[in-house]
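As structure tokens, the structure follows; a few thoughts come after it.
The values are calculated or read from the model by the stated rules, or taken from the named source; none is laboratory data. Since we're looking at a predicted model, the values are computed, not measured. Note: ideal-geometry Cβ built from the backbone for every residue, glycine included; neighbour counts use all protein chains shown. What goes into the accessible areas is simple: the full protein's heavy atoms, side chains included, and nothing from ligands, DNA or RNA. Shrake-Rupley method; radii C 1.70, N 1.55, O 1.52, S 1.80 Å.
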Amino acid sequence: DVKVTQSSRYLVKRTGEKVFLECVQDMDHENMFWYRQDPGLGLRLIYFSYDVKMKEKGDIPEGYSVSREKKERFSLILESASTNQTSMYLCASSTTGRNTEAFFGQGTRLTVV
Amino acid sequence: AQTVTQSQPEMSVQEAETVTLSCTYDTSENNYYLFWYKQPPSRQMILVIRQEAYKQQNATENRFSVNFQKAAKSFSLKISDSQLGDTAMYFCAFWSGGATNKLIFGTGTLLAVQP
């Protein structure tokens, strides 16, 4: 079974802290994605990566950065956490091509106080 | 840019009945994939069904089927014989698989199956 693992299920951080959310997949997938999920807004794409060291901005990249130094790991970084970044964060990975689908981690609920 | 629209924030259905969730999308591409994902209270996103745009035949997976209308850019999900375990948030998603490689989701429909 494909496994996508996010480092924390719940996280509480203070305003101004630098926050790292880690995501690891074990199926050698080329693509990895970070989303935030808010009620009424669905899943909004923050960043995605289609290869090691490659990244593309999604629809809401402001206030975030990412790192993909190894194929299996995709990190989301909040440079200076703010209360409006309190949200559910979901990581996903996938292959490219036919019969593709995205596999998701269990989500990290981040609260910034 | 691609967009995905789900116009039904919430729906309710009686157990054993049939329900249809709506989804429309906008794209200028010809080859793409469409998905329905389910997110139960456990928060784990689960793929329900997938449709490839070049296939005219509608995808089916047991009690789940889609009505894919490419010209109308419509992709609805039909759940037959609804079960209590179908209670979840359902998300429609679009993926070009091309140069942009973005996987874009709609805002979701919260489905409640009533006993």
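Things to note:
- Descending semi-axes in Å of the protein assembly as shown, equivalent ellipsoid built from Cα gyration tensor: 29, 21, 15
- DSSP bridge orientation in chain B - percent antiparallel, rounded to nearest 5: 85
- For chain A, the solvent-accessible area of protein heavy atoms averages 48 Å² per residue (probe radius 1.4 Å; ligands and nucleic acids excluded).
- For region A:52-113, diffusion coefficient by Stokes-Einstein and Kirkwood Rh (Cα), 10 °C, 1.306 mPa s, µm²/s: 119
- Counting only Cα atoms, the size of region B:60-115 along its three principal axes is 45, 20, 19 Å, in decreasing order.
- In region A:52-75, burial by the other protein chains removes 20 Å² or more of 1.4 Å probe accessible surface, compared with the chain on its own, from A:59.
- One compactness figure for chain A is 1.00, namely its Cα radius of gyration divided by 2.2 N^0.38 Å.
- Within chain B, longest stretch free of exposed GluC sites (Glu not before Pro) [DSSP loop, at most 16 other beta carbons within 10 Å]: B:30-115
- Of the solvent-accessible surface of the protein assembly as shown, computed with a 1.4 Å probe over protein heavy atoms with every protein chain present, carbon and sulfur atoms account for 48 percent.
- Sites counted here are trypsin sites (Lys or Arg not before Pro) in a DSSP loop (not H, G, I, E or B) having no more than 14 other Cβ atoms within 10 Å; the longest part of chain B that contains none of them is B:1-54.
- Pairwise burial B:A, computed as accessible area of each alone minus the pair, summed, 1.4 Å, Å²: 2200
- Residue pairs, from the table A:3/A:71; A:18/A:53; A:13/A:53; A:55/B:102; A:13/A:70, whose Cα atoms sit over 18 Å apart: A:18/A:53; A:13/A:53; A:13/A:70
- Spatial offset of region B:7-62 relative to region A:16-42 amounts to 22 Å, using the alpha carbon center of each.
- Isotropic mean projected area of the C-alpha convex hull, region B:1-90 (nm²): 6.1
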